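What follows is calculated from the coordinates using simple rules that are stated; it is not laboratory data. Quantities reported herein were computed from a predicted structural model and do not represent experimental measurements. Glycine also receives a Cβ, built like all others from the backbone with ideal geometry; neighbour counts cover every protein chain displayed.
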Amino acid sequence: MLQMLYRQGLIIPNHPNNKGEKPILIGSREQVESQKQYIFRGNFGLTTKQEILETGVSQPMVDEMMRLKNKFRFGMKASIEDLLDSVIVENKPVEIKNQVFVQRTGLNVYEFSYKDQTTQVNLNLDVRETYTSPYSLGHHKIKRDYFSIIHSGEGDGWNSSKTSMGSIMIFQGGIYLIDAPPNILHTLRSLGIDISEIVGIFHTHAHDDHFASLPVLLQSDHRIKYYATPLVRASVSKKFSALLSLDEEALFRFFDFHDLEFDQWNNCDGLEVKPIFSPHPVETNIFIFRALGNAGYKTYAHYADIISLDLLYKMVGDNPDSISMDTYNRTKDAYLIPANLKKIDIGGGMIHGQAMDFKHDTSEKIILAHTEKELTDEQKEIGSEASFGQCDVLIPGSSDYLRTYAARYFKSFFTFLDEKDFNMLLNTRIIDFNPGSMILKKGEFPAHLYMILTGIVEYIDSDSGIKNNLSNGCFIGEFNLFKERSSSGVYRTLSHVTALCFSFDFFRRFLEKNHIFDQTEKMFARIDFLKSTWLFGEESSYTVQHKIAQAMQAMALDENSPAFEQQSPGLYLIKSGEIQIRDNDNTLLETLKSGSFFGENYFFEPDKPSLQFITTQPSRLYVIRDPGLLEIPIVLWKLLEIYERRRKKMEWMGK
């Protein structure tokens, strides 16, 4: 949509393509209204003085921000109707324009017709289906250092064959994102980073080339820390809630929000961060990070997005609609603060920065980013380029962060043991697997027990239709600890992977020595089942799976038995058997088999009349009544996804 408005010039004054035509949003009323708000907030951000005041910004600065916004949007009012048209589609054919009609034939399924020609478009993705990345990044093995920057994108967002501007910061071995550009899962996989490794994200603003993968972070097994100023958080929250069709308060169930103060050093788990206001069409803070080492402070400045100083100077004036010279000078001074490493936006145009503004910058190293063009000779004299996966180490690490990860996993799994009891498990070798390697073949008896420390491993059992990515802290081959079994699927690496390697005899003796053999066997059996499910198998660490396994209660039902009691709500997992979902008119809505679940509606609408869940054969179930399930972002998101899908399916069927 923004491509059409800005790159094609449909909204730009005096552009040859600005002929009054507007993009058209097509869909159900709910979908169109949600997307309208998403585009509105993505284009304009906060739109009233009151909205900005509520973030703690002073009245004079609010007035200045509104003048900046007015300049960026060419004096136009903030109106979604001025940006696009819409066509609401329900069950009957509706004309789009010029005798082209569209009709909904199913949930997210549309039929387009022109005269005697028709074509159908199905927008649904299967449960395990995702969009593929348009570019290949290869595989890179990264080192977890004390304070380092991995360059994960230098593009401008318009070029679909290049990663957008972003960085991945490592501090004390922990992984932090700076912005969430598109295709972040592909980026992380290329670097051997599991999404559940991410500690936090530092967010600059809500434009899609820095925002688009924010929903992907809901796939973590913990609430990722979100760092930004209240100004940026408010702008991002309004756009994000429109995208997800959730109220803003609901977002706190997915992220651990940490507000930062402008122009001050904020302590973020030992890392110091200073956010600085940068003029942009939507609320934006750029960042300077610093950490203390033996050689003193080392700093990294991440400047996305910034404005050309020439363009900003043209906004200065004495009339009430112009910005002040103080704003210009304050912005210029902030841009030129020296750093050990600085990445800058040189995208140019109407809203981005220029390399020449940094000609006299005294930073030790400058990275030129946010551009799709080849660098000019003048730009090459100012800064460097960075290739994907390139790493700048500001403070080297001397700790063994991989064994630190392992200790954390063991401590969460064997919560009843003292640290000294499982220290012996840390005293084993760490091995590396290259991308695309088979760790364990289908039908093979494992020779060793592995625990994943870093990287991404996929498990595939094509006979059962199971395909899940395993998170860090997961075991491979644990099913062979208690009785000799071959693997029911294949375990293969999707990235560089590091893992602890144990002999089965050693691990068995550890369990026996601590008198936990039997209870661990029971937990591993339950976790083995959870790993086979779509709901809990993907991106859920052993820590999370262990907690869920402890909360599960087993039940067995005969054929033609009700599987759900309204007086005892909970989430039901099907271990074996088959369940039919029927409405109160006894209409069959869905048939569920092993690995499926039901009962999620009672977490979101507990007072809604119950559906019928009837066994068609003897069935074994697990029930989980712990509302703490909803504290796991990926589980909450999947429950919401299935809940909404089933709700809309019922609405479509007229129920």
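Here is how the numbers come out for the structure above:
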{"quantity": "10 Å beta-carbon shell around Leu107, net charge (K/R +1, D/E -1)", "calculated": "+3"}
{"quantity": "With 10 Å bins from 0: P(r) over the stretch 141-261, alpha-carbon pairs, percent", "calculated": "13, 48, 33, 6"}
{"quantity": "Peptides ranked, highest mean first, by Cβ atoms within 10 Å: ranges 91-100, 217-226, 443-452", "calculated": "217-226, 443-452, 91-100"}
{"quantity": "Per-peptide average of other Cβ atoms within 10 Å, ordering 412-420, 49-57, 163-171, 471-479 highest first", "calculated": "163-171, 471-479, 49-57, 412-420"}
{"quantity": "For the stretch 84-137 versus the stretch 1-49, the gap between their alpha-carbon centres in whole angstrom", "calculated": "19"}
{"quantity": "Geometric extent, Cα atoms of the stretch 249-389 - Rg, Dmax (angstrom)", "calculated": "16.6, 52"}
{"quantity": "Normalised alpha carbon radius of gyration of the stretch 147-395 [divisor 2.2 N^0.38 Å]", "calculated": "0.97"}
{"quantity": "Extension gain (nm, one decimal) between Val393 and Lys97, 0.36 nm per residue minus Cα-Cα", "calculated": "100.9 nm"}
{"quantity": "Per DSSP, loop trypsin sites (Lys or Arg not before Pro) in the stretch 300-405 with at most 15 further Cβ within 10 Å", "calculated": "Lys359, Lys365, Lys373"}
{"quantity": "Within the stretch 97-154, GluC sites (Glu not before Pro) in DSSP loop having at most 16 other beta-carbon neighbours inside 10 Å", "calculated": "Glu129"}
{"quantity": "FRET efficiency estimate (nearest 0.05) - Cβ-Cβ, Glu458 to Asn124, R0 30 angstrom", "calculated": "0.80"}
{"quantity": "Fraction of alpha-carbon pairs over 43 Å apart in the chain - percent", "calculated": "31"}
{"quantity": "Whole-Hz couplings from phi, Karplus 6.51/-1.76/1.60, listed for the stretch 315-326; x for Gly and Pro", "calculated": "7, 7, x, 9, 7, x, 8, 9, 8, 8, 5, 4"}
{"quantity": "Share, in percent, of DSSP beta bridges within the chain that are antiparallel, nearest 5", "calculated": "75"}
{"quantity": "Point-to-point label distance, Asn17-Asp505, nm (Cα→Cβ direction, 7 Å offset)", "calculated": "7.0"}
{"quantity": "Gyration tensor (alpha-carbon) shape descriptor, the stretch 19-122, a/c threshold 1.5", "calculated": "prolate"}
{"quantity": "Relative contact order (%) - the chain, alpha-carbon pairs under 8 angstrom, separation at least six", "calculated": "11"}
{"quantity": "Inter-label distance, nm, simple model (7 Å from Cα along the C-beta direction), Asp82/Leu417", "calculated": "6.5"}
{"quantity": "Gain upon complete extension [Thr132, Ile430; 0.36 nm per residue less C-alpha separation]", "calculated": "104.1 nm"}
{"quantity": "Potential extension, Ala295-Glu248 segment - 0.36 nm per residue separation minus Cα distance", "calculated": "12.6 nm"}
{"quantity": "Expected 222 nm ellipticity per residue - DSSP helices of 4 or more, -39500 (n - 2.57), all of the chain, to 500", "calculated": "-7500 deg cm²/dmol"}
{"quantity": "Coil-residue GluC sites (Glu not before Pro) of the stretch 499-598, DSSP, other Cβ within 10 Å capped at 16", "calculated": "Glu559, Glu565"}
{"quantity": "Semi-axis lengths, Å, the stretch 1-61, gyration tensor of Cα atoms, sqrt of 5 times eigenvalues", "calculated": "28, 19, 7"}
{"quantity": "Global geometry of the stretch 213-254, whether rounded, prolate or oblate, following the gyration tensor of its Cα atoms and the 1.5 cut on a/c", "calculated": "oblate"}
{"quantity": "Gyration tensor verdict on the stretch 366-491 (Cα atoms; rounded if a/c is under 1.5, prolate if a/b is larger than b/c, oblate otherwise)", "calculated": "oblate"}
{"quantity": "Relative contact order, percent, the stretch 72-114 [alpha-carbon distance under 8 Å, six or more residues apart]", "calculated": "24"}
{"quantity": "Percent of alpha-carbon pairs separated by more than 15 Å within the stretch 481-578", "calculated": "74"}
{"quantity": "Projected label distance in nm at Arg647 and Ile24, using a 7 Å step from Cα toward the beta-carbon", "calculated": "3.0"}
{"quantity": "Relative counts (whole %) of C-alpha pair distances in the stretch 553-652, using bins that are 5 Å wide", "calculated": "3, 13, 24, 27, 21, 11, 2"}
